[in-house]
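Notes follow the structure.
The values are calculated or read from the model by the stated rules, or taken from the named source; none is laboratory data. It should be emphasised that the depicted structure is a prediction, and the values quoted were computed from it without experimental measurement. Glycine also receives a Cβ, built like all others from the backbone with ideal geometry; neighbour counts cover every protein chain displayed. Areas reflect the complete protein model, heavy atoms only, side chains present, ligands, DNA and RNA absent. Shrake-Rupley method; radii C 1.70, N 1.55, O 1.52, S 1.80 Å.
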Amino acid sequence: MTTFILLSRKLRLTAFKRRVIDNAKREWELWGKPLYSLGDRVKYGETECTPIYKERVGEYWKKGTNYNRDGCDGVPWSSAFISFIMKKSGAGDEFVYSPSHSRYIRDAVSNTKSGQKHTFMAYRLSEKPVSLGDLVCYSRQSGVDYDTTGSYKSHCDIVVKINKRKGTADVIGGNVSDGVTKKIIRIDRNGYLTDTNNDWFTIIKINK
């Protein structure tokens, strides 16, 4: 019975979402599996301005956003990482590839407010539970919320695992402690994001 339930959950994932999750996991493993659990650092990994990893960040920049940068430039690359994952996974022209998270967040919010179905649609945390393959995003400056229309500092992670029994979700993002890092964050029994370690404000769903 347990095996059947696990297989059923996997079958509900689209091929695109599975690629997004698998590609994010591969990058995390490449960086030595650095980990934060409920706000506490559990495991260190590789860092951005070291041999091999400097060039890997350069791959995120070039293939994700067409910028010529690398891991020693000192420029935040978390959105370049998300752009790289989305492009590699086959998002095509449906994703806004950008060095700034707020560009594709605002596009996804606009998609939702249009009232029409789009591949990437953003919601308030109270509107949708967390699902595999989602992007969960938090602000890195004050005064930002779901309806903010200008540019702002932010960060998004990819949801790669959900455990409602434990009340946790595993998310992977780039440029976290200078690497590709997994965080274990809090959700409630219904799957809604309740973590308080960051200023989370939106969740982007993928309809592909």
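Residue under question is Gly173, and the condition is that it be open to solvent by less than 20 Å² (accessible area, probe 1.4 Å), under 18 Å from Val20 (Cα atoms) and small (Gly, Ala, Ser); does it hold?
Criteria met by Gly173.
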Answer residue from region 18-52, given it is within 28 Å of Gly90 (Cα to Cα) and of a type in the set (S, T, N, Q) and is least open to solvent (accessible area, probe 1.4 Å) among those
Asn23
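Counting only residues that are of a type outside the set (A, V, I, L, M, F, W, C) and within 17 Å of Ser37 (Cβ to Cβ), which one in region 140-163 is most open to solvent (accessible area, probe 1.4 Å)?
Out of the qualifying residues, it is Lys161.
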Failed criterion for Tyr104 (all others in (1) over 19 Å from Asn198 (Cβ atoms); (2) assigned to a helix (DSSP H, G or I); (3) out of contact with any Gly (no Cβ under 8 Å at 6 or more places or on another chain) hold):
(1)
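Considering only region 66-77, I want to know if a residue exists there that is on the phi < 0 side of the Ramachandran plot, under 14 Å from the mean Cα position of the chain (by Cα) and touching a residue at least 24 places away in the same chain (Cβ under 8 Å). Steps first, answer last, please.
Taking region 66-77 and keeping what is on the phi < 0 side of the Ramachandran plot, we get 67-73, 75-77.
From the residues that got through so far, the ones that are under 14 Å from the mean Cα position of the chain (by Cα) too are 77.
Of the ones still in play, those that are also touching a residue at least 24 places away in the same chain (Cβ under 8 Å) are 77.
The answer is yes; a qualifying residue exists.
Before we move on, is Glu55 open to solvent by 70 Å² or more (accessible area, probe 1.4 Å) and part of a helix (DSSP H, G or I)?
Numbers: open to solvent by 70 Å² or more (accessible area, probe 1.4 Å): yes; part of a helix (DSSP H, G or I): yes.
Considered against the rule, which asks whether it is open to solvent by 70 Å² or more (accessible area, probe 1.4 Å) and part of a helix (DSSP H, G or I), Glu55 comes out as yes.
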Breaking point among (1) modelled with pLDDT under 95; (2) open to solvent by less than 70 Å² (accessible area, probe 1.4 Å), for Phe4:
(2)
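Kindly establish whether Gly39 is at positive phi and of a type outside the set (Lys, Arg). Don't jump to the end; show me each part of the working.
On the way: at positive phi: yes; of a type outside the set (Lys, Arg): yes.
Yes; evaluated as a whole, the condition is true for this residue.
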Kindly indicate whether Cys137 is outside any helix (DSSP H, G or I), surrounded by fewer than 16 Cβ atoms within 10 Å (Cβ to Cβ) and of a type in the set (A, V, I, L, M, F, W, C).
no
Would you please list the contacts, defined by Cβ atoms under 9 Å and residues six or more apart or on different chains, that run from a residue in region 41-55 that is over 25 Å from Ile185 (Cβ atoms) to a residue that is loosely packed, with under 12 Cβ neighbours inside 10 Å?
Cys49/Gly74
